[in-house]
Amino acid sequence: MGERKHSSGGLPDSLYQGTLDCVHCGLCLSACPTYRVTGQEIASPRGRIYLMRGVAEGRIELGSGLAQESRLCLGCRACETACPAGVGYGALLEATRSVVARERIDWGIFQRIERMVLRQWVPRPRRLHWALSLLRAFQGLKLDRLAARWLPRNLSGALELAPRVPPASSRRRLPAQTPARGERRGCVAFLEGCVMPELFGDVNRASVELLSRQGFEVLVPEAQGCCGALQAHAGDLETAHALASKNAAAFDALDVDAIVVNSAGCGAALRECEGWIGAAGERTASRVRDISEFLDEVGLRGPLGRVSLRLAYDDPCHLIHAQGVAEAPRRLLKAIPGIDLVEHAEASACCGAAGTYNLAQPEMARAVLDRKLDHLLAAAPECVATGNPGCLMQIASGLARRGSAIRVLHPVEILLEACRGASETQR
Amino acid sequence: MSVLIDRLSRIVGARHCLASAEELFVYECDGLTLDPVRPVAVVLPADAAEVSGVVRVCSELGHPVVPRGAGTGLSGGAQPIEGSVVVECSRMDRILEIRPEDRVAVVQPGVINAELSTAVAELGLFYAPDPSSEQVCTIGGNVAENSGGPHTLKYGTTTNHVLALELVQSDGERLRLGSRAGRSREFDLVGVVVGSEGTLGIVTEISVRLSPIPEGVETLLAIFDDTVSACRAVGSIIRSGLIPAALEIIDQRTINAVEDSVYRAGLPRDAGAVLIAEVDGAPCSLPGEVERIGECAREAGARECRVARDEAERARFWRARKGAFGAMGRLAPDLYVHDAVVPRARLPEVLEKICEIGDRYQLTLSNVFHAGDGNLHPNISFDRRNAEEVERVIAAGREILETCVAAGGVITGEHGIGVEKRDYMKLVFEDEDLLPMLYVRDAFDPERVFNPTKIFPTTRFCFESNPRARGYDRVPFK
């Protein structure tokens, strides 16, 4: 550790200026999951910012210490919610990771494969579809478990953590246009995303049906796609910027009330794409709404059927900390008759999924997840609702491992059930 | 050096013994960012036995030991010393025992202040000392600094809430002081350890007093055109015989910084200052008290008084107050948080002088403080990269402290002396006054292992260069 020395190309000046907002007050410490697990200053937002500043000022070398810390950070941005000085930590982290990637510091096989997958496969729908079909076949023949024995640890971990790929029937793309049902209230664009249609096609279809039942025409432009969040988190800002530009162009062409997103991570990336691509992202960024936020703003149109469920709502980090949306999903769910919304401790804390983090840092991801599971199990709900694909997979796999029968759903699935239930009773 | 790291690693485990350049770099300062110093190692022990082993090794190899909680202290109490080993207590974060019938909790030093209150809330209890950093600072750190907070006015500081302690001494022995049952008849050594800023040993277990959550609480926001009138209101509230739970003043510059932040509470940006007054107790008594505080405020010139509508608004007021220091990061990269106490009656004139000092040195100075206790926090925003500005900050700081002392005040209310104010000790103490304190320190830590350069002035005492002159050699316990 720390033996390979790297001459610094220097951190960008914008990053350095960003670090100066921190007065070292420390109010972020207890909000940081990795600090809570390790107790170490270097694993805290304050410590990381101090290290970035130290590197930028040339007081300490740019080396594997910063590289490892920038990777150990979940990027959950809970520190931003706690920070009175308004330090833009998320942007600092992205910039640091991009320098680490550019300088190829501690650049191992995992990083090389991750970059290749995120660059070449994830943003290309057809390739991703075939790759996942292959994975599904592997999983069917249990070949993945065999392969896991031969691969390095974090790659075999990736195979183990990989979700069961659903059958091709639920991996169909969304229609380009879905008309509003009942009295028309407006027209929205919907971000289909990259992984969502493949692994959570049902959630995507539920989102579109819900919007349609609520009186909105839904447009899914063909040119849209992967938002670039995963690439940016992995330090590949170049790809992220290209993807953001593509999405901005696709959505700018549409005259819609809002661009609705059902994945918190993607919503945050689109919302902040101005920071990536400047004025070209302005119009898109200003129109992005998380689906819960959008429905809360326009108001749920009743009647709603009864859904008897003891429910816990867990905040996706990129919804509460990056987009500042915490109350909207709770209000929507509470509005459903029969829903008993129970509060569990530390609902706003990260579950450890954090994009590809659970693959890159399995040990820390497990420690962070365990804390989440303890709190969830203590509240004993029948179901957990959370609005981000990574969190859905992470929490579901954690609960399953603990032998719990608690189901994990996207809030739209519950909302849709309520909408459908009402129309059935009317009939 | 590697002998030290080897031996420490064997005690706490390699992953909890930090020695890489980057790991040490981030420990070079706490909440006071001037004059950073890198330690030679940082250890994170899991329990008192490990602390004791670590201290033994450091004593033997001659490395000073610097105890550290969350590193939020503002006087450099946890700032490393040349060649020192930092003992970070963050892993010792368990609440060991809660005894509601005795209203006592036994905790490890790394327990976070606010989380203790959260843990006992369902029993109808809370832990009263509430420093602004309560959501992150540790009880161990609070014990070291004798921390206060807004509610100190009614509930007292940390020392009023600590019943017993376990202290690891320089030879690694664990000493138990005080009694959970209350006062015993020996010397109050718990009182000596609380506020000793980590110079006597490392506290590894603390029995604290819990208080019942008051039945009712009302929070009033009085809006003034200037800070001095707000100070006058505080004087008349205290004179009226009321004992509010808290009386806090926030000036305009701070209001604006907070209102720009995530801690915004809807405070009026055009106000010269606001006074947050809180009363708690039996619900029937509160409306009358609120009324009287309102009268005092209006007589002093308040243009408006409003009562927090609900618990949510009240919480917002307090979050704003407690996020104030950090919010100043919006004004400049660094913040020098001063801490001095003056008799309440002198608050208005001292505050005027402090503002004049800030103007004279052309510094951005703001005030947010525990007015009810006369505990001032003049905050100076600056940029430590500008050496000339740093000089002005330090000169202004000295003048501020001199002004407070001249008004009959003292140089710290709750942040401690640490390294920040050790050279100002002579503003309030003669050598003769410091001598008994040195005796006490040497009684606990004769080898001066713990935080040796803190608190006492760096300029040598005459009795240190010539011990016989003052009978220093006759200290029986050395």
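Need one word for the stretch B:283-359: rounded, prolate or oblate. Basis is the Cα gyration tensor (sqrt eigenvalues a ≥ b ≥ c); a/c below 1.5 gives rounded, then a/b vs b/c decides.
On the way: a/c = 2.51, a/b = 1.36, b/c = 1.85.
Since a/c reaches 1.5 but b/c is at least a/b, the shape of the stretch B:283-359 is classed as oblate.
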Listed residues A:P167, A:P389, A:P125, most fluctuating in chain A (Gaussian network, C-alpha, under 10 Å): A:P167
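What does the average come to when, for each residue of peptide A:83-95, you count the partner chain Cβ atoms lying within 10 Å of its Cβ? Kindly include the intermediate steps, with their values, before the conclusion.
Details: counts 7, 18, 14, 9, 3, 0, 0, 0, 0, 0, 0, 0, 0.
If you average over the peptide's residues, the count of other-chain Cβ atoms is 4.
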Summing -39500 (n - 2.57) over every DSSP H run of at least 4 in chain B, dividing by its residue total and rounding to the nearest 500, the 222 nm mean residue ellipticity is -9500 deg cm²/dmol
Toward the positive end of the charge dipole of the stretch A:1-144, about the Cα centre and with charges on Cβ (Lys, Arg +1; Asp, Glu -1), which of A:T34, A:V23, A:W107 goes farthest? A:W107
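Let's see if you can work this out: charge +1 on each Lys and Arg Cβ, -1 on each Asp and Glu Cβ, no other charges. What is the dipole magnitude of chain B about its Cα centre, in debye to the nearest 20? Show your work: numbers first, answer last.
On the way: 52 positive and 71 negative charges, 91 e Å.
Dipole about the Cα centre, nearest 20: 440 debye.
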Sequence of A:S286, A:S98 once ranked by neighbouring C-beta atoms within 10 Å, starting from the fewest: A:S286, A:S98
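Set the Förster radius R0 to 51 Å, insert the Cβ-Cβ distance between B:R306 and A:A223 as r into 1/(1 + (r/R0)^6), and round the FRET efficiency to 0.05. Walk me through the intermediate numbers first.
On the way: r = 53 Å, r/R0 = 1.04.
Given R0 = 51 Å and the Cβ-Cβ separation, E is 0.45.
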Could you work out how far apart the two model spin labels at A:R401 and B:I243 are, taking each label as a point 7 Å from the Cα in the direction of the beta carbon, and quote it in nm? 5.3 nm
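Could you work out the relative contact order of the stretch A:170-297, using alpha carbon pairs under 8 angstrom and six or more residues apart, expressed as a whole percent?
Values: 226 pairs, mean separation 32.9, N = 128.
Averaging sequence separation for qualifying contacts and normalising by length gives 26 percent for the stretch A:170-297.
Using 1/(1 + (r/R0)^6) with R0 = 51 angstrom and r between the beta carbons of B:R448 and A:K142, what's the FRET efficiency to the nearest 0.05?
Numbers: r = 66 Å, r/R0 = 1.29.
According to the calculation, E is roughly 0.20.
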From phi via Karplus (6.51, -1.76, 1.60), per-residue ³J(HN,Hα) for the stretch B:450-456 in Hz, x at Gly/Pro: 8, 6, x, 9, 8, 6, 7
Simple spin-label estimate for A:A378 and B:A387 in nanometres, 7 Å along Cα-Cβ: 5.3 nm
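Over chain B, what relative contact order in percent results from Cα pairs under 8 Å that are six or more residues apart? Don't skip to the answer; put the middle values down first.
Numbers: 1024 pairs, mean separation 69.2, N = 478.
Reported as a whole number, the value is 14 percent.
Compute the Cα gyration tensor for the protein assembly as shown, then decide on rounded, prolate or oblate, letting a ≥ b ≥ c be the square roots of its eigenvalues: rounded whenever a/c is under 1.5, prolate when a/b is larger than b/c in the other cases, and oblate in all that remain. The partial results should precede the final answer.
Details: a/c = 1.91, a/b = 1.50, b/c = 1.28.
Prolate, because a/c is 1.5 or more and a/b exceeds b/c.
Using Cα pairs closer than 8 Å and at least 6 residues apart in sequence, work out the relative contact order for the stretch B:95-212, in percent. Don't skip to the answer; put the middle values down first.
Working: 234 pairs, mean separation 37.6, N = 118.
Computed value for the stretch B:95-212: 32 percent relative contact order.
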With the dipole of chain A defined by +1 on each Lys or Arg Cβ and -1 on each Asp or Glu Cβ, the option from A:I320, A:A229, A:L199 whose Cα lies farthest towards the positive pole is A:L199
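Return the percentage of antiparallel bridges among DSSP beta bridges fully within the protein assembly as shown, rounded to the nearest 5 %.
On the way: 59 of 87 bridges.
Looking only at bridges with both residues in the protein assembly as shown, the antiparallel portion is about 70 percent.
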Can you bin chain B into rounded, prolate or oblate? Criterion: square roots of the alpha carbon gyration tensor eigenvalues sorted a ≥ b ≥ c, rounded for a/c under 1.5, prolate for a/b above b/c, oblate for the rest. prolate
Across B:256-263, the residue-averaged tally of Cβ atoms belonging to other chains within 10 Å stands at 3
In Hz, Karplus ³J(HN,Hα) per residue of the stretch A:165-172 (6.51, -1.76, 1.60; θ = phi - 60°; x = Gly, Pro): 6, x, x, 4, 4, 8, 9, 6
By how many nm would the segment from A:R119 to A:R59 lengthen if fully extended, with 0.36 nm per residue of separation less the alpha-carbon distance? 18.2 nm
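Can you give the longest stretch of chain B with no exposed loop site, where a site means GluC sites (Glu not before Pro) in a DSSP loop (not H, G, I, E or B) with at most 16 other C-beta atoms within 10 Å? Provide the component values of the computation, followed by the final result.
Values: sites that count: B:E82, B:E101, B:E173, B:E186, B:E215, B:E430, B:E447.
Segment B:216-429 is the longest.
What is the dipole size for the stretch A:109-163, taken about its Cα centre, with +1 at each Lys and Arg Cβ and -1 at each Asp and Glu Cβ, in debye to the nearest 20? Walk me through the numbers on the way to the answer.
Values: 11 positive and 3 negative charges, 36 e Å.
The calculation lands at about 180 debye.
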Compare the peptides B:231-242, A:136-147, A:178-189 by average per-residue count of other Cβ atoms within 10 angstrom and give them in order, highest first. B:231-242, A:178-189, A:136-147
12 Å reach of a label modelled at A:D252, 7 Å along Cα-to-Cβ, counting backbone N of the stretch A:259-293: A:274, A:277-285
Compute the long axis of helix A:362-379 from its Cα atoms, compare it with the longest principal axis of the Cα atoms of chain A, and write down the angle in degrees, 0 to 90, nearest 10. 40 degrees
Dipole magnitude (debye, nearest 20) for the protein assembly as shown, charges at Cβ of Lys, Arg, Asp, Glu: 3140 debye
Can you give the average number of partner chain beta-carbon atoms within 10 Å of each beta-carbon in peptide A:34-40, as a whole number? 5
Listed residues A:P163, A:L141, A:H129: farthest to the positive end of the dipole of the stretch A:109-163 (Cβ charges): A:H129
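Each reported figure results from applying straightforward, stated rules to the coordinates on display, with no laboratory input. Here the structure is a predicted model, which is why all the values come from computation and not from measurement. With ideal geometry, Cβ positions are generated from the backbone for all residues, glycine too; neighbour counts draw on all protein chains shown.
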